[in-house]
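Enquirer: I'd like to ask some things about the structure below.
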Amino acid sequence: MGLRADMPLLARHEGEWEGEYLHLDREGNPIDWHRVQMTCAILDDTVYHQTNRYIWDDGRTEVHEFPGTYLGGGRCGFDTERIKGEFWELDASTIYLSWQYKAEDEDLRLYEMIVLSEDGKSRNRVWQWIKDGVCVKRTLINERRVG
């Protein structure tokens, strides 16, 4: 089988998205906010590719590419210059990721949950930044499908 057949929820995420990232410190205080424009695609039924374009109100921008390889058994892995991890579907609406930033301490791990709405027009994501077993930061992301 391939990515589309083994990960039908991931296939429903294909397309263009836009939204907002809100980063909170351990106490829940805002520490950063920016917009995102994102493209999600499945290539050759074995590769997932995501492009994130971040935009801050002060004019800063960043673009990051996240290619993922289908590992089989309903799991994808990714290993870029910036991050490394895996993701899989938990149920018909939820994708789960476990990953690390390579530039950070090895004991800092991120756990992300992505929930796609039933109509496929919006999704909500939460990152928990865990260091030494303690949540040190959270990221809340709300996105809508465009185009």
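Enquirer: Quick check on my filter: what residues within segment 45-74 are in contact with a helix residue (DSSP H, G or I) (Cβ under 9 Å, 6 or more places away or on another chain) and open to solvent by 40 Å² or more (accessible area, probe 1.4 Å)?
Expert: 45, 46, 47, 73
Enquirer: Find the residue count for segment 102-128, including only residues that are over 15 Å from residue 10 (Cβ atoms), under 13 Å from the mean Cα position of the chain (by Cα) and surrounded by 14 or more Cβ atoms within 10 Å (Cβ to Cβ).
Expert: The qualifying residues number 5.
Enquirer: Consider residue 77 carefully, then state whether it is over 16 Å from residue 125 (Cα atoms), at pLDDT 95 or above and in contact with a Ser or Thr (Cβ under 7 Å, 6 or more places away or on another chain).
Expert: Criteria met by residue 77.
Enquirer: Mind checking which residues of segment 33-73 are in a strand (DSSP E or B) and on the phi > 0 side of the Ramachandran plot? Show your work before the answer.
Expert: Here is the first cut: in segment 33-73, the ones in a strand (DSSP E or B) are 33-43, 47-55, 61-72.
If the condition is that a residue be in a strand (DSSP E or B) and on the phi > 0 side of the Ramachandran plot, then 72 is the only one that fits.
Enquirer: While we're on this one: Take residue 1 and tell me if it is surrounded by 15 or more Cβ atoms within 10 Å (Cβ to Cβ) and more than 15 Å from the chain's Cα centre (by Cα). Talk me through it step by step, then tell me what you get.
Expert: Details: surrounded by 15 or more Cβ atoms within 10 Å (Cβ to Cβ): no; more than 15 Å from the chain's Cα centre (by Cα): yes.
Spelling it out, it is not the case that residue 1 is surrounded by 15 or more Cβ atoms within 10 Å (Cβ to Cβ) and more than 15 Å from the chain's Cα centre (by Cα).
Enquirer: Only one of (1) free of Cβ contacts under 8 Å to residues at least 24 places away in the same chain; (2) surrounded by fewer than 13 Cβ atoms within 10 Å (Cβ to Cβ); (3) closer than 24 Å to residue 145 by Cα is not met by residue 92, so which one is it?
Expert: Checking residue 92 against (1) free of Cβ contacts under 8 Å to residues at least 24 places away in the same chain; (2) surrounded by fewer than 13 Cβ atoms within 10 Å (Cβ to Cβ); (3) closer than 24 Å to residue 145 by Cα, the one that fails is (1).
Enquirer: Going by the structure shown, is residue 11 of a type outside the set (Phe, Trp, Tyr) and within 22 Å of residue 121 (Cβ to Cβ)? If you could, list the steps in order and put the result at the bottom.
Expert: On the way: of a type outside the set (Phe, Trp, Tyr): yes; within 22 Å of residue 121 (Cβ to Cβ): yes.
In short, yes.
The values are calculated or read from the model by the stated rules, or taken from the named source; none is laboratory data. Since we're looking at a predicted model, the values are computed, not measured. Neighbour counts run over all protein chains shown; Cβ positions are idealised from the backbone, glycine included. Protein only, heavy atoms only, side chains kept; ligands, DNA and RNA dropped before computing areas. Shrake-Rupley method; radii C 1.70, N 1.55, O 1.52, S 1.80 Å.
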